[in-house]
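The values are calculated or read from the model by the stated rules, or taken from the named source; none is laboratory data. Owing to the predicted nature of the structure, the values given are computational and were not obtained by experimental measurement. Cβ sites come from the backbone with ideal geometry, for glycine too, and all protein chains shown count toward neighbours.
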Amino acid sequence: MVALTSLTLLVAGTLVPGVSDDAYADVRPIEIHNAPVATPSLAIRCGRVLTMNAGDTILDPGMLLVENGDITYVGAPIEVPAGFESIELDQAWVTPGFIDLHSHIQAGGWGDTNDMVMPTNAEFSTRPTIVAGNPNVRRACAAGVTTIFGIPGSGTSISGFGVLLKTKTESTYEGAVLADPGGMKVAQTHNPERRSGDMGATRAGLGWLLEEINDRAAEARDLGTFDPALANLTRVHAGELPVLIHCAGNEGVANTVRMWKGRYDTHCAVSHGSFDGWYAADYVASMGVPVNHGPRTFNFNLGMKEGRFVGTSAAYVEAGVPLFSLNTDAPVIPQEELFLQGSVSVHHGADAYTMLKALTIHPARTFGIEDRVGSLEVGKDADLVIWTGDPLDPRTRAEVVVIDGEVQYQRTHDGQWF
Amino acid sequence: MKMRNLLVGLACVLGTQAPLLAAPASPTPDLFALRVGRAETVSQGTIEHAVILIENGKIVTIGQDLEIERGIRVIDRPDWVVTPGFVNCYSRAGMSSSGGSGTQPSVQASTELYPRQPIYGELLAAGVTTLGLYPPGNQIPGQAVVVSTAGDSLESMVVREGAYLKVLMQSNSKSKKTLRDGFGKADKHLEAVTEAREKHEKAKDKYDDELKKWKKYDDEEKAKKKEPVDPGDFLEPEPDDVAGAFLDLREGELNAMFSIRKAGDYLHLIDALDEEQLSWSLRVPLRNDIDLYEVAEKLGADERRVVVEPRLTLMPWTARERNIPAELDRAGARVVFIPNGDDLVNQEKWRHHVGHLVKRGMDPQAALAAMTHEPAVLLGVDETLGSLDVGKEATMLFFDGDPFQASTSLKAVMHAGDFVEEASAQ
Amino acid sequence: MKTMKKQLIGGALGLTLALSFAAPSLALRVDDHEEDAYLAIVGGDIFAGTGEVLRGATLLSKNGKIEEIGYDLLLPDDCETIDAHGMRVYPGLVALSATTRLTQGTFAAGVEIHDFVPHEEHAEICGDCGKSFEEVVPPALDPGEFSTEHLAVDAFRTDFDDSFDPFSGYMVMALGNGITTVQQSSAAVKLKRGDISGVSLSEKTLTSQSWSGSNPAGKADLREKFRLATEYLADYRRWEEAVKSDKELKEPSKKGIDGRILDILQGRTMARFSANDRDDLLGIARLAQQFKFRPVIQGCVEGWTVAEELGRAGAYAIVTPRTRRDRPETTTYAAGSSIENAAILTRAGVQVAVVPANTSIDMGGISGRDLLSLPLEAGFAIRGGMDERSALESITVIPARLLGIDHRVGTLELGKDCDALITDGDLLHYQTFVQYTVVEGKLVYDKQEEVFYSHIRPRPEAVVDPGEEVSDEVEPVEAEETVEEVVEEESDEE
């Protein structure tokens, strides 16, 4: 737990983006790195290392070397280099830190989740609401969740832009941010209807609200015009920022994919896809849109009345949707129980290893941050978790959690937070 | 059964090809014969080219290709299919009062009967020739009455009073207690009768002793003492309404119809009835997702008479259909149909709805029996109604095809040998 | 060794059984009633719940009770069998505070059972037994003393008997997730699917008492009640001795004594407190130690901070391991919730029962935190350091004890009800499913036959007829043959 120095703040200050005419020259999201801090180099050796890389490499046993916040070695155990702190747990498993693309814990509670001014609020961002290192974040970290997409709620059709954060246990915004803006949050159905005023009580109205603003943003992209309220939305249409769309139900999911992929060809992902949304899985797969599923993971009688427990995670995976991932919609389900979404998905028919991917590399690739997180590979951020066993088993606990090469949580030292 | 030898004779054939002129114009004679394409007797199955001889409103002979004696008028309808009249055993047609909640088993539905209402004529024209009318209310509202829809006065309408005792049953202590209490009261009454009898006998013995003594007294003593009084014959105390009804149930003088709402209720009903030997039937409204199929086998094993609508239901929490009446029939239960609703439209469409269930797998013979013979048995009028048999009332329906086909029309209705004036073609 | 002894006994009993069945089948007939009903669960790894594990063993049930557990049992000819090879056998789970939907069903009669009234008429329960009501209701804490012969199974009734829906869909879901006995309001009810007889097992074994820092007067009041009741009992005992010599001595007056408190002190019911705060827990522990009763504490979120004291008081705790309560920032001592709560309490000698956060059934799609995930909840107790055996007990034996029915359910032991689960793996593992559920010797749930889960990893068909011998040998699959067949088919198409 390293305190940030004033040096870091200064550095952060000089990176504040300004407005320029050439607003789209920048092709990457705004990133703020902490200044390199002297962190001890770590040599981690454990009984099983699940790298979650493209080759699905599993090392039994395995070793990782961590220097300056990144992974510098993944492979069979080697001799611990001089000057490295050694963590050796023979029976333990290591996985990359988990990633939740649909979380509301950045503000610390239920407040500051929804700001419902206009039916679409594409100009909003969750940045001002962030309380880094809040108790929910700390507990999430102790349960192996290391990256979250902290987003606004679903009270309006476009609620704003979210921030990709690391769940550092003691930090500030600058220390924790991974990408800001991380992406856009849309709620296509199943919530905005309840609060929309003059237009948007039905899907016709909601659809129009979204199309109208999207068309304007697309036009702004084509003409190169600038409107501060549309700035980030235009970047979505330029393919620079991903968009996560809360939707559910058979027709809700299909509609979302048809609009955001078919009509606007954005870098989009279906989020939730609950109830009988899985009925549209084939269509979603054919359009190549990833699904970020949760908090509901089975469909019984809502929608097409199955009358049996259909494991919807398994259903989406079987239909071939790319990069299937899981979420908690925390605090609907406590953030620290992200792993449990994997467990119950397996229970209802999904494959365990695929569900581990759904917590790591798949959400990373969904949001284009796989160069930083999502798997244990040389060059990536050292975000990793040491578990006492299978991370999907509730009986397992996290022993050590490392983010950006720093130990954030160590059970033997901090007590068991979860 | 006497078999008559009949000769083919010159019959006055009232032939008619025009579909609208269904019923023969002139009233039928006391003795006449019907020759039809097919008779669905229900009791003896299907008879092709059936010949039915009717005398004084009763069927005297029925058979295939029978020869008819010269001189007997023959009504020839080779394209007609004849069935017994439909029996709707569970209705409140023509009755409008509402009931309360309580146990009043001696209430008779017949007290509410108001003859000559248009509805009865309309039902008759639609083929519903017999009705079982029940009293309104919850718990034990009273006893049903069997009426003929062809009657125009109380006497001509009422066929049988006290057809069944209606009882509403639910799975809870209160419901089961009501039943147990009812039998408890019957038991108490019997005990009271026994006590009263013993008491009377003691009084009788005492009287005999005192009389003997009295006879030995001389006049002087007689003047001082009081003459003993003869207690007379034993007058068995009358049971109150509740005890009386439950005693009648026990002795088989009264049938019960228990209304339940779900499969579990049946088990609780059996539990509440305990060792009591009763004659009873079951009424189960087939609500959308009812789980009655869970006890289909048991109902079949008990050969229980079950009163249901001709309705398909769904498996709970799903959109998958089930044909519960068909399942009940296959399991051995005796299905009794009633229309989907008590209004005229539903009663007119009754056979269409039943036909739909036949299309979906129910045995057509069982389906027809459920509209005729089985309800007649339930109402206790099967000696005269419900099937085409020798000795039964000649109350029947004439169709121009399979009664369960939507395209078929009802051409004529016969009540006790007479054609009803206006038979509406549906 | 206990296991060895069991084997010998098993063998001996088996022999006896065999001998009795050597005679023609007429010999099986009991004079007036139906034949005995047998069910055998064959070849599974039996986790009795007592700590014992018998691998590849057989469990035989007769008329709903466990008759024998062992190896090489000789089974009666007409015995129904369930092939449990490669599977595990566990005791049926006991769920506290379960939703009444389980036994009232989807089509409940409309009578909401909130406050249920137990049967007052002793005669309805016992007939002419000559014993008083108090003598008949078992003391919840001393199973050794209690005899069941007096209470016939279907003589005991509560209001749940008459409103029991034996076809409740929710019941089937619960059975499919391992639950065989449930607490409904204040009664313990067996999930006897398809049967309405003898479903209630006990009632009012837990009596609610209140102890809260927000009500100091209430605490003083309760303490006074206990004091008076204790004094009364002492007076009564003295009188019982004294009256032997002095017949005229009057019995001490019961006036002003709270009957419920007396019941607690005499072990006829247990005091249940709903408490989470450390100070309240301490107060309850001290009250219990002072007046010598064992408290049941529902919630007990901060129990881990005062575990030793609770252990000394002989307390029971009903906890949900995942309950979260943040430690107030102004406190400096241990406070709030801890995932280690259940484990710490257990180690201090507290008997811990586990309940899920949601004691109803979620049908909306959120899995893992409702009644159907009872084993997962126990798994979270293990996460916090509880041992596997205590975790299994927390959802079997301990809740059974709290409901006063541990003489009948909670473990697989001879003489107890045959309520068993046959699972395709470790019951507490997230991938495991209950394949079969047996309640009182009857198979009431088969995963393959019910619509709810049959589509998830269906069981490969290995049907065993009742009475057929179960062979350990499995024919090896000829893998090469299959491949060749496929290749042949392909070439045909060309």
Of residues in the range C:291-346 being basic (K, R) and within 14 Å of chain A (Cβ to nearest Cβ), the one nearest to A:P331 (Cα to Cα): C:R324
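Return yes or no: is B:S106 hydroxyl-bearing (S, T, Y) and either assigned to a loop (DSSP other than H, G, I, E, B) or touching a Pro at 6+ places or on another chain (Cβ under 8 Å) (or both)? Steps first, please.
Numbers: hydroxyl-bearing (S, T, Y): yes; either assigned to a loop (DSSP other than H, G, I, E, B) or touching a Pro at 6+ places or on another chain (Cβ under 8 Å) (or both): yes.
Spelling it out, B:S106 is indeed hydroxyl-bearing (S, T, Y) and either assigned to a loop (DSSP other than H, G, I, E, B) or touching a Pro at 6+ places or on another chain (Cβ under 8 Å) (or both).
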Subset of the range B:109-150 [touching a Gly at 6+ places or on another chain (Cβ under 7 Å), among the hydrophobic types (A, V, I, L, M, F, W, C) and part of a loop (DSSP other than H, G, I, E, B)]: B:A144
Unmet criterion (only one of (1) within 16 Å of A:R203 (Cβ to Cβ); (2) surrounded by fewer than 18 Cβ atoms within 10 Å (Cβ to Cβ)) for A:T256: (2)
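Filter the range B:135-180 for residues that are charged (D, E, K, R) and out of contact with any strand residue (DSSP E or B) (no Cβ under 8 Å at 6 or more places or on another chain) and give the result.
B:D152, B:E155, B:K174, B:K176, B:K177, B:R180
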Scope the range A:371-392; condition farther than 16 Å from A:V145 by Cα and of a type in the set (D, E); matching residues: A:D371, A:E377
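Picking from B:A376, B:A326, which residue would you name as being buried (at least 24 other Cβ atoms within 10 Å of the Cβ), assigned to a helix (DSSP H, G or I) and not assigned by TED's automatic domain parsing to the domain that holds B:V42?
On the way: B:A326 fails: buried (at least 24 other Cβ atoms within 10 Å of the Cβ).
Only one candidate passes the filter, namely B:A376.
Residue-by-condition table, conditions (1) β-branched (V, I, T); (2) touching a residue at least 12 places away in the same chain (Cβ under 8 Å); (3) crowded, with 20+ Cβ neighbours inside 10 Å; (4) away from chain B (no Cβ under 14 Å):
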| site | (1), (2), (3), (4) |
| --- | --- |
| A:M304 | no, yes, no, no |
| A:P322 | no, yes, no, yes |
| A:P331 | no, yes, no, yes |
| A:V346 | yes, yes, yes, yes |
| A:A358 | no, yes, yes, yes |
Residue satisfying all of: in the range A:200-230; buried (at least 18 other Cβ atoms within 10 Å of the Cβ) and under 15 Å from A:S159 (Cα atoms); modelled with the lowest pLDDT among these: A:G200
Number of the condition not met by B:Y120 [criteria: (1) crowded, with 20+ Cβ neighbours inside 10 Å; (2) under 18 Å from B:R38 (Cβ atoms); (3) without any contact (Cβ under 8 Å) to a residue 40 or more places away in the chain]: (2)
Failed item, numbered, when A:F275 is tested on (1) surrounded by 20 or more Cβ atoms within 10 Å (Cβ to Cβ); (2) farther than 21 Å from A:H104 by Cβ; (3) of a type in the set (F, W, Y): (2)
Leading residue by the ranking (farthest from B:P285 (Cα to Cα)) among those in the range B:65-103 that are basic (K, R) and not in a loop (DSSP other than H, G, I, E, B): B:R73
Near pairs, Cβ below 6 angstrom, 6+ apart or cross-chain, from the range A:406-418 (more than 12 Å from A:L384 (Cα to Cα)) to any residue that is basic (K, R): A:W417/A:R139; A:F418/A:R139
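Conditions (1) touching a Pro at 6+ places or on another chain (Cβ under 9 Å); (2) within 14 Å of chain B (Cβ to nearest Cβ); (3) of a type in the set (D, E, K, R), marked per residue:
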| residue | (1), (2), (3) |
| --- | --- |
| C:K192 | yes, yes, yes |
| C:S197 | no, yes, no |
| C:Q209 | yes, no, no |
| C:G213 | no, no, no |
| C:G218 | no, no, no |
| C:E224 | no, no, yes |
| C:R237 | no, no, yes |
| C:V243 | no, no, no |
| C:P252 | no, no, no |
Residue identified as of a type in the set (G, A, S) and within 21 Å of B:V377 (Cα to Cα) among B:G355, B:G300, B:G341, B:G361: B:G300
Matching residues in the range A:358-398 - criterion: being of a type in the set (K, R) and farther than 18 Å from A:H293 by Cβ: A:R372, A:K380, A:R395, A:R397
In the range B:312-345, the residues that are within 14 Å of another protein chain (Cβ to nearest Cβ) and of a type in the set (A, V, I, L, M): B:L314, B:M315, B:A319, B:I324
Residue match in the range C:254-268 (condition: aliphatic (A, V, I, L, M) and closer than 30 Å to C:I179 by Cβ): yes
Residues of the range B:266-281 classified as more than 8 Å from chain C (Cβ to nearest Cβ) and closer than 18 Å to B:L292 by Cβ, total: 5
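Go through the range B:390-400 and give me each residue that's surrounded by fewer than 21 Cβ atoms within 10 Å (Cβ to Cβ) and either part of a helix (DSSP H, G or I) or at negative phi (or both).
Correct list: B:V390, B:D400.
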Failed condition for C:I456, given (1) farther than 30 Å from C:G314 by Cα; (2) touching a residue at least 60 places away in the same chain (Cβ under 8 Å); (3) surrounded by fewer than 21 Cβ atoms within 10 Å (Cβ to Cβ): (2)
Residue that is farthest from the other protein chains (Cβ to nearest Cβ), among those in the range A:263-284 that are under 26 Å from A:T234 (Cα atoms) and not in a loop (DSSP other than H, G, I, E, B): A:R263
Qualifying helices (runs of 4 or more DSSP H) (wholly inside the range C:361-420; at least 2 residues being hydroxyl-bearing (S, T, Y) and more than 10 Å from chain A (Cβ to nearest Cβ)): C:388-394
Residue within the range C:351-370 that is under 16 Å from the mean Cα position of the chain (by Cα), touching a residue at least 60 places away in the same chain (Cβ under 8 Å) and closer than 27 Å to A:R411 by Cβ present: yes
Qualifying strands (runs of 3 or more DSSP E) (wholly inside the range A:41-99; at least 1 residues being without any contact (Cβ under 8 Å) to a residue 60 or more places away in the chain, within 20 Å of A:D390 (Cα to Cα) and touching a Phe, Trp or Tyr at 6+ places or on another chain (Cβ under 8 Å)): A:41-50, A:62-67
Restricting the range C:69-108 to residues that are within 14 Å of another protein chain (Cβ to nearest Cβ) and part of a loop (DSSP other than H, G, I, E, B), the residue that is modelled with the lowest pLDDT: C:A108
A:R411 vs. criteria within 14 Å of chain C (Cβ to nearest Cβ), more than 20 Å from the chain's Cα centre (by Cα) and buried (at least 23 other Cβ atoms within 10 Å of the Cβ): no
Some residue of the range C:305-312 being among the aliphatic types (A, V, I, L, M), touching a residue at least 12 places away in the same chain (Cβ under 8 Å) and assigned to a loop (DSSP other than H, G, I, E, B): no
